[in-house]
Every structure is written in structure tokens, then in C-alpha cells.
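Just so you know, all these numbers are worked out from the coordinates, no wet-lab data involved. Nothing here was measured: the structure is a model prediction, and the numbers come from that model. Don't worry about glycine lacking a Cβ; one is built from the backbone with ideal geometry, like all the others, and counts go over all protein chains shown.
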Amino acid sequence: MKRRNLLGKKVGIAAVIVAFGLLPVFTQSPYWMHVFILMWIYIIVTASLRFTITMGEWSFAHVPLMGMGGYASALLAMKLGLSFWVALPLAVLITAFIAVFVYLPCLPTTGTFFFFASYAFGEVMRLCWVRFKNPFGGPAGLLFIPAPGPIRIPGIPAIEFGPLSKIPYYYTVFVFMLLSLLILYRLEQSRLGRIAEAVKESNLLAQFVGIRVWRYKMVILLIGSAFAAIGGSLYAHYTTLIMPVDFYWGLGIYIIIYTVVGGTRHFGGPIVGVFLFVLLRELLRPIVMYVPLVYGLILAGTLVFLPEGLISLPEKISAWAMKKKIAAA
Amino acid sequence: MDEPSPKPILEIRNITKNFGGLTALNDVSFDLHPGEILGVIGPNGAGKTTLFDVITGRYRPSGGKVFHKGEDITGLKPHQIVQKGISRSFQLEVLFKNLSVFKHLVMSRHLHTQVGFWGSFFRTPGNRKEEEATEAEALELMRFVGLEVQGDRLGGNLSHGYQKSLGIAMALGPAPEILLLDEPLSALSPKRVTDILDLIRAIRDKGVTVMVIEHNMGALFRICDRVVVLSVGEKIAEGLPEEIKHNQRVIEAYLGGAVRA
């Protein structure tokens, strides 16, 4: 029974991946392509935020670190003339390196204090981009970030990235998202994920079974930052312009809302959260000034009625049906 | 009882610990000999738990030193102390509330799990084997402390008695040479008290040196070889249980305080 369930799940996930993989066959409208490209980027950023939450601390520096990935990658491409394919991995390394110094002063704290300390150090980073016109461009940010270089596979024509078609971007971001999710999932299932669980439950007891709590927290935060940087780099080279305001604290709040409403306990939670909210945002275009209000209501409703998030809804329904069945029998 | 061996496994030397203006421990010294069960007793606020916190690296002492087999281990971090083979349980339930008992014990074997990061990431067959070995050890521990039926229950849902047993099992997970138990008998039924006393004896018989903090003196005196008495942060007596029972200062510390109150 359980095995069949697992198989069903795998088939379901594969079907969803294939369906979205084939999406450009059905619609090539630049509008929907754009919506989905941004959605895949947000999924990378949100899933990696959730990965860092598994060890118990909520980081508010995640979005500024995403921005750091974007700035690093854009500057490497613009000033050094590096190709996107080289700039992205370098930007990931640079961001992880900077993240060490962002999180070093935060790590002695826990809980709310960690949240606010990480906010402060993230904001320092953002203010640096505003303040230093050279090289970050000040409040206006960076313009004309080069698109990724063409992908040349022998036998087929080279795939060019440009303003004419969004399809190459769609597939590039889609593949990056799938790989990121795969790696994050495997990390969570590995020993590192189990240590994170123990650290989250009790820092104290974890220390006394020999876990170096501080080091593992840092490792998990750095892995999270690395994936945030992937999202930032993709964002920069797709939109071709980035500004400090793109990574302001409000986006951090939204990403946390996506995670909480989707469900923090399940790997799929943030994916469901991002999916629903991004589509909801498109539906609410006519009343865009009320979007934060609607988000707030949804967040409050979820916290009250479904504290484990939307992803726990099927479970809750089947538990409720089972109860009814027992009551009827 | 045979003579205590001349070389102590743990030497506590002139330990002092101040919290601001409050002196929790004042110039406490004693030895722990290999293979013994040492009881640490004293009225509330005597500094017993602080002493454990200092030995296990949770607090850095304000003065004094701790030696393990002649090596200075003062001020090491808790995870380093565990690596030296000194492990502890907690007085209050310090558990992973949302993890099952089985997962607790798998985590308690952390130091002895030789699973590499990449092996664990790619789920190599060798890694799977290692994990199975760890799981077998966790089951063994569960059986040893009598929690084999409780394996799937969450730490936070266990009854007080089982939580105590789980706490001891967690401290045994790192396979320590020295085990420090902080009030393992508090608020237990008489039947459970006997069970835990048998468990402590069984742990000693496996070659582990045990140091126990306890309020329940009657029960403690049934198992311990020697007793150290603390009162208001100072060591007021040390000796065999029989001597301690008739020590005038100990009686005063316990009864005197009670009479005045």
C-alpha cells in the first residue's frame, strides 16, 4: 500500500515536470513565459530559504544574499567580460564567501535575535549597493547586463539568448530549478538533514551528543546562500538590469510568507506556496494595490486553520474522511 | 569495597564559579576514581548542577581546573568533552521533542557514525551498511534502557519516567567512559527507582565510571561507593555512605536549614 503510494507520488511529480517542460509548446506568450521564469527563480530562492530553516533559525539576509549573487554575476560579466556560464558559479562562490561574514556575527544568537541580526547585516549589504556608485551603480543599479552566451551542441543549431524569444531562458531557468531542488532534497535526506533536525529541536542536547552545532549551522546557511546566489544570478542575466530595491526587505517578507503558507515541514511546501502566490498575483493585477492585504489575510488564515501549511491539506482531508468513516461504522 | 585505585580518572581542583555577585561554587576539589559510582548530594542551590555544567563545558569556571586522566580539560566546549568520553544527562527533560525515540538514539551515536558527507548524499551501498549498523546500535541502546516498545513515540509525548530513561540512553549513546547523571531518580515511582538503580549498576558493570547527583539519599546510598556533599557552593564532606550518614555537618546542612525555615 505504502509502496504503491510512493510510486504514485513519483509518477505525479514526473507528470508535473513533463507538463511544465512542455509548456512552451502550448503557449509562447511572452507574458506567461515571463511569469513562469520568475516563478522558477523564486522557487529556487524559497526552497533554499526553507533548507536553512530546517536547522531552526530564520534568516532575513537570504534575499540580500540573492541580490549579492546577482550583483556579483552581473559585475563579473560586465567588468571582466566573463560569460554567464562562468560568472554564475563564480558568483555562487563569492556569495558564499560573503555569507560567512554576514552570518558570523549572527550565529551566537538564536530565535528572534538571529532573525533581526541577519536582517541588519543583510541591510548593510543592500545599503552598500545604494551607497557605492562604483561598482554597484547606486540606487539606479546595473543596466545592460549581458545575456547568457549561446549554447552550442554539435548537430543542432546554436541556442541563442536574446530579446526575441524567452524560450531559451525558460528552459535554462527550469533546468537550474530542477537541479537545485534535486540537490536540496538529497541534502535534506542525507546525514546533514538529520543533524539539522536535531539542532533545530535542541541546540543544547545536540552539543552534548557531540554535534558541533555552530559549524553545522554555518554550513547549512552557506549552502542556502549558494542557492540564493544561483537565483540572483539567473534573475540578473534574465532581466538584464538589477537595482538595490529589487532585493528590499519586502521581498524577504514575501518569501517567508510563501514558505509559511506552503508549509515549512515539507520539502514541497515552498514550491506550492510560490506557485499559488505568483499565480494569485497575476489574477489580482486589476486590484494590485490590495495585494499585500490579500497576502496578509491568507497568511493569517493559514496560521489559524492550517498551521502546517497548504501542503498538509490532503493529509488533513484524508484524516478527516477516516474519522467520518469510523464515526459512521 | 576494595581500595580506590591511586590514579583518579577525573580530578576536580579548586573549582570556583561566580554568576555576577553570586558564588555558585567555591573552591570545590575532589577526585573520581575509575569504576566507582560517586554520589553528589546537597540541599537545593548547593551548586551540584553547576558543577556538572562546569565539568562538561557548558560553563567556563571562574577559577580552578578539571583534569581528565592528567590532561587539563578546563574550558573545552561540550562537543570536545563528549569526544574525551565524558557524557551527561540533564535534570529537566532536554530532549528532541518532535523526534521519535529511535531517531534520538540514532543521533546519540553521532560521534560513532562513520558516514561521509558524499556517501550520505549519493546513498552509496557502503553508506547504507554504515547506517544499518548505527540503527542496530540504537536498537541495542533502546533495549538496554528498557525503551524497546517506545521506539516510534515522539520524545515530547513520553511519560516522565520514560523521558528519564531516554535522557540516560542519550548520554550512553556516545559510549562514554565517565557518565554524569543529573537527578536520574527525581519524581519517579518506587518501582521505577529500583529499575533505574539497576540500570546504573548495569552501566557501572560495563566499565563506565558514574557520578550521580541525587536528592533521594536513601536510594542513592544503596548504589554509590562514595559520596561528596555540597552545601551553598562548598564541599562540606566526602566519604563512604556510612560515614556521611553520621556526619554532623551534613546533618546540620540538611536539618539545620529545614528547622530554620
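Which value at 222 nm does chain A reach when only helices count, each DSSP H run of 4 or more adding -39,500 (n - 2.57), with the total divided by all residues and rounded to the nearest 500 deg cm²/dmol? Don't jump to the answer; show the numbers that get you there.
Details: 15 runs with 238 residues, N = 329.
It lands at -24000 deg cm²/dmol.
Could you list A:Met68, A:Met243 so that the one with the fewest beta carbons within 10 Å of its beta carbon is first and the one with the most is last?
Sorted ascending by nearby Cβ count, the order is A:Met243, A:Met68.
Please rank A:Ile253, B:Ile196, fewest neighbouring Cβ atoms within 10 Å first, as an exposure proxy.
Fewest-to-most ranking of A:Ile253, B:Ile196: A:Ile253, B:Ile196.
Which residues' amide hydrogens lie under 5 Å from the amide hydrogen of B:Gly39, considering only partners 5 or more residues apart or on another chain, with H built in the peptide plane?
Counting only residues 5 or more places away or on other chains, the set is B:Val212, B:Asp225, B:Arg226, B:Val227, B:Val228.
Report the label-to-label distance for B:Leu92 and A:Leu143 in nanometres (one decimal), using points 7 Å from each Cα along the Cα→Cβ vector.
So the label points at B:Leu92 and A:Leu143 sit 6.0 nm apart.
³J(HN,Hα) across the stretch A:283-289 via Karplus (A = 6.51, B = -1.76, C = 1.60, θ = phi - 60°), whole Hz, x for Gly/Pro?
Residue by residue, the stretch A:283-289 yields 5, 8, 2, x, 10, 4, 6 Hz.
Is there a simple number for the mean count of other chain Cβ atoms within 10 Å of the Cβ of residues in B:104-114, and what is it?
For peptide B:104-114, the averaged partner shielding equals 4.
Label 7 Å along Cα→Cβ of A:Arg265; the stretch A:174-205 residues with amide nitrogen under 16 Å?
A:197-198, A:200-201
Using a Förster distance of 56 Å, how high is the FRET efficiency between A:Lys324 and A:Phe20, based on the Cβ-Cβ distance and rounded to 0.05?
Working from the Cβ atoms, E equals 0.95.
Report, in deg cm²/dmol and to the nearest 500, the calculated mean residue ellipticity at 222 nm for chain B, where each DSSP H run with n ≥ 4 adds -39500 (n - 2.57) and the sum is divided by the residue count.
Values: 11 runs with 98 residues, N = 261.
After summing the helix terms and dividing by the residues of chain B, the value is -10500 deg cm²/dmol.
Can you list residues whose amide H is under 5 Å from B:Ile236's amide H, if they're 5+ apart or on another chain and H is modeled 1.01 Å from N?
It is B:Val229, B:Leu230, B:Ser231, by chain and number.
Using the 10 angstrom Cβ neighbour count as an exposure proxy, how do B:Leu51, B:Leu158, A:Leu297 rank, fewest first?
Listing B:Leu51, B:Leu158, A:Leu297 from fewest to most nearby Cβ atoms yields A:Leu297, B:Leu158, B:Leu51.
Can you list residues whose amide H is under 5 Å from B:Thr74's amide H, if they're 5+ apart or on another chain and H is modeled 1.01 Å from N?
B:Val66
How many angstrom lie between the C-alpha centres of the stretch A:27-66 and the stretch B:68-107?
Each part's Cα centre sits 37 Å from the other's.
For the stretch A:6-15, take each phi angle, set θ = phi - 60°, evaluate the Karplus expression 6.51 cos²θ - 1.76 cosθ + 1.60, and give the result in whole Hz per residue in order, putting x for glycine and proline.
Whole-Hz 3J(HN,Hα) from phi for the stretch A:6-15: 5, 4, x, 4, 4, 4, x, 4, 4, 5.
Applying the Karplus parametrisation 6.51 cos²θ - 1.76 cosθ + 1.60 with θ = phi - 60° to the phi angles of the stretch B:222-229, what ³J(HN,Hα) value in whole Hz is obtained for each residue in order, glycine and proline being reported as x?
6, 10, 8, 7, 9, 9, 10, 10
Which residues in the stretch A:89-111 have a backbone N closer than 17 Å to a point placed 7 Å from the Cα of A:Glu123 along the Cα-to-Cβ line?
In the stretch A:89-111, the label zone of A:Glu123 (backbone N under 17 Å from the point 7 Å along Cα→Cβ) covers A:102-103, A:105-106.
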